[in-house]
Amino acid sequence: MKSITFALAGLAVAVSTAFSGAATAGETLDRITDDGVLRVATDANWAPQSFLNDNNEMDGFDVDVAREIGKRLGVEVEFVTPAWDIITAGNWRGRWDLSVGSMTPTSTRAEVLDFPAVYYYTPAAVAIHKDSDAKSFDDLTGKRIGATTASVFELYLQKDLQIDAQGVPAFEYQVDGKINSYKDSTAALDDLRLGNGVRLDAMVGSLPAILAARKSGYPIEILGAPVFYEPLALAIDKGDAELNEKLAGIVADMRDEGVLKALSEKWYGIDYTSIN
């Protein structure tokens, strides 16, 4: 198995204005301040990170983090829910200002996005149906494995995952199957819950999302240990150094004040804001 180590890059990717359509320095931050609104891109179907609650309002860990950032900027927060592959493609052209969507800062994404700060870390895990006879990752060889399109989980299955962040453990490619791509992790879990091998034999996703699905009644189990750990970051379009610096400072303050830890424990029951 091929071993991959995480590149020792800073949490904030170097700002470049050479990218076509990139914001100029301060432009996005000025617009946020002038409008009094921070437009945040996230997912409406990814509990417990972000989802629509019973009152049809956005809720979840990422949502609470975004609202706290808006509060510290002194502006209101509006949520938009574009497809994940559109968010990660960059070149947002002012349609939204910030992604608070548990995004992993990969080398490819760093070509079109800046990552002001990592705000938490989560294990990536493999889920199987409770009736599966798989006992190890080797038992999934050649099987159908689901993952979100353009996600780090899909890149992992493609054996093409490179993450730029400090302090994250090395990992190996331990899962080798036929990739089924989905619009989000819930869609993959929905297919997995239909039965062992009916549409999927396994899926790779965020451990908190898998645990939340199991808690809500999905007949799934976790196979083996986490396959890698994700550093999860805020993301902005390329080219606004002032916004990058402002957001980095806000996240640092939230971490130092214990706010991130409290929000993690609220939604996950565990502190995912550091790797112990």
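Since every read-out is calculated from the coordinates, none of them should be taken as a lab result. The model shown is predicted, which means the values in this text are computed figures rather than measured ones. Backbone-built Cβ (ideal geometry, glycine too); neighbour counts: all protein chains shown.
Side notes on the structure shown:
- Under the span-like rule (Cα at least 20 Å along the axis, Kyte-Doolittle mean at least -0.5), DSSP H helices of the chain: 241-256
- About its Cα centre, the chain has a charge dipole of approximately 640 debye under the convention of +1 per Lys or Arg Cβ and -1 per Asp or Glu Cβ, with nothing else charged.
- Helix-only arithmetic for the chain: the sum of -39500 (n - 2.57) across DSSP H runs with n ≥ 4, divided by the residue total, places the mean residue ellipticity at 222 nm at -8000 deg cm²/dmol.
- Spread of Cα-to-Cα distances over 10 Å intervals beginning at zero, given as percent, for region 121-229: 16, 54, 27, 4
- Positive contributions from Lys and Arg (+1) and negative ones from Asp and Glu (-1), summed over other residues with Cβ under 9 Å from the Cβ of residue 102, come out at -3.
- With a cut-off of 13 Å between beta carbons, the residues surrounding residue 48 carry a summed charge of -2, where Lys and Arg count +1 and Asp and Glu -1.
- With neighbour counts taken as other beta-carbon atoms within 10 Å, the residues 230, 27 rank, fewest first, as 27, 230.
- Across the options 195, 212, 165, the greatest Cα extent toward the positive end of the charge dipole of the chain (unit charges at beta carbon of Lys, Arg, Asp, Glu) belongs to 195.
- Positive minus negative residues near residue 71 (Lys, Arg vs Asp, Glu; Cβ under 12 Å): -2
- Applying both filters, DSSP loop and at most 16 other Cβ atoms within 10 Å, to the trypsin sites (Lys or Arg not before Pro) of region 72-114 gives 93, 95.
- Average Cα contact separation per residue, the chain, under 8 Å, 6 or more apart, as relative contact order %: 31 percent
- Short-range pairs are left out: with C-alpha atoms under 8 Å and at least six residues apart, the relative contact order of region 121-229 is 50 percent.
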